[in-house]
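Below is one structure, written out as structure tokens; comments come after it.
The values are calculated or read from the model by the stated rules, or taken from the named source; none is laboratory data. From a predicted model like this one, the values you see are computed outputs, not experimental measurements. Heads up, the Cβs are rebuilt from the backbone with ideal geometry, glycines too, and the neighbour counts pull from every protein chain shown.
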Amino acid sequence: MLAIFLGVRGRIRIHQGFSGTTLLRFASFERFTHWLTASCFVVLALSGLNISFGRSSLILPLFGADAFAAMSTYANTPTTFWRSVPARPRDHVLIWIKDNIPGKVDLEWFKQGGGVLFKGRHPPATRFNAGQKGIFGIVIIGGALMSLSGWFLLFPYIPDNVDDDAALDRDSCCDCDAVHRCPCLAHIYIGTIGMEGAFEAMGSGEVDLNWAKEHHSLWVAEEQAKSQAPSENTPRAVPAE
């Protein structure tokens with residue numbers, strides 16, 4: 001679906017082109033937390049392949065029983081490690097909650113399709129637009145649900161009472177599997193090949209000024225106002241007596 005969308009919509013270009021002037025969007029610690037979380041998702045997704053397709057007609061026949069057993073053993077080790085690293089929803093809340101509070105401007109963003117569905121002027125947005133705020137909510141709420149659902153996927157026969165035969169039925173396992181999948185492909189698409197100039201935000205941390213004005217005009221106005229505001233050490237003009 002994303003390939004079809006790219007073919008129909010095309011890559012979202014910077015209308016005014018690159019200005020050559022950059023603006024700091026994400027500091028080093030913010031980028032570190034982002035990429036650490038992204039790495040966790042990749043590692044956990046690869047280890048989760050054994051749960052979804054391990055003993056089916058895909059992985060086990062392809063690699064053989066011995067190789068599959070070794071893969072399953074090694075998959076549990078990084079899974080345990082990556083779940084314990086500090087890239088948890090709590091850290092995202094502390095870092096970005098103040099910039100992800102929904103507002104009236106987000107309604108207008110949705111009405112205009114975020115400037116992504118239809119070609120034309122991009123709607124105004126603060127540091128994070130409504131779509132990014134949605135991804136933020138998915139990471140926080142969905143991360144907790146993914147962990148919970150993943151527990152039941154790993155141990156589907158945990159009894160919920162003294163009866164050892166109690167277990168999740170097949171439909172319940174399928175429901176857990178559906179919740180377990182993270183709907184972040186659109187976010188990855190936009191941040192890489194879908195939008196010109198977007199990857200630099202989490203790459204170098206600096207974005208082109210024209211890109212920032214087109215996609216986050218309200219945020220640019222705030223940053224420019226801060227840079228022009230006099231600091232406490234700035235000499236003040238004293239009127240002549």
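A compact table of results
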item	result
Every residue from the range 100-113 that is touching a Pro at 6+ places or on another chain (Cβ under 7 Å) and in contact (Cβ under 8 Å) with a residue 12 or more places away in the chain	Val105, Glu108, Trp109
All positions within the range 2-19 that are assigned to a loop (DSSP other than H, G, I, E, B) and not charged (D, E, K, R)	Gly10, Ile14, His15, Gln16, Gly17, Phe18, Ser19
Ile141 vs. criteria surrounded by fewer than 15 Cβ atoms within 10 Å (Cβ to Cβ), within 17 Å of Phe41 (Cβ to Cβ) and at pLDDT 75 or above	yes
Helices (runs of 4 or more DSSP H) wholly inside the range 182-221 containing at least 3 residues that are in contact (Cβ under 8 Å) with a residue 12 or more places away in the chain and more than 19 Å from Arg31 (Cα to Cα)	209-215
First in the range 117-143 and farther than 11 Å from Pro102 by Cα, second anywhere and among the charged types (D, E, K, R) and surrounded by fewer than 20 Cβ atoms within 10 Å (Cβ to Cβ), Cβ under 7 Å, 6 or more apart	Pro123/Glu108; Arg127/Asp99
Subset tally (residues that are closer than 16 Å to Ala212 by Cβ and modelled with pLDDT under 85) for the range 116-136	2
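Matching residues to (1) modelled with pLDDT under 70; (2) more than 20 Å from Cys184 (Cβ to Cβ):
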residue	(1), (2)
Gly48	yes, no
Ser52	yes, no
Arg55	yes, yes
Leu60	no, yes
Tyr74	yes, yes
Ser84	yes, yes
Ala87	yes, no
Ile97	no, no
Gly114	no, no
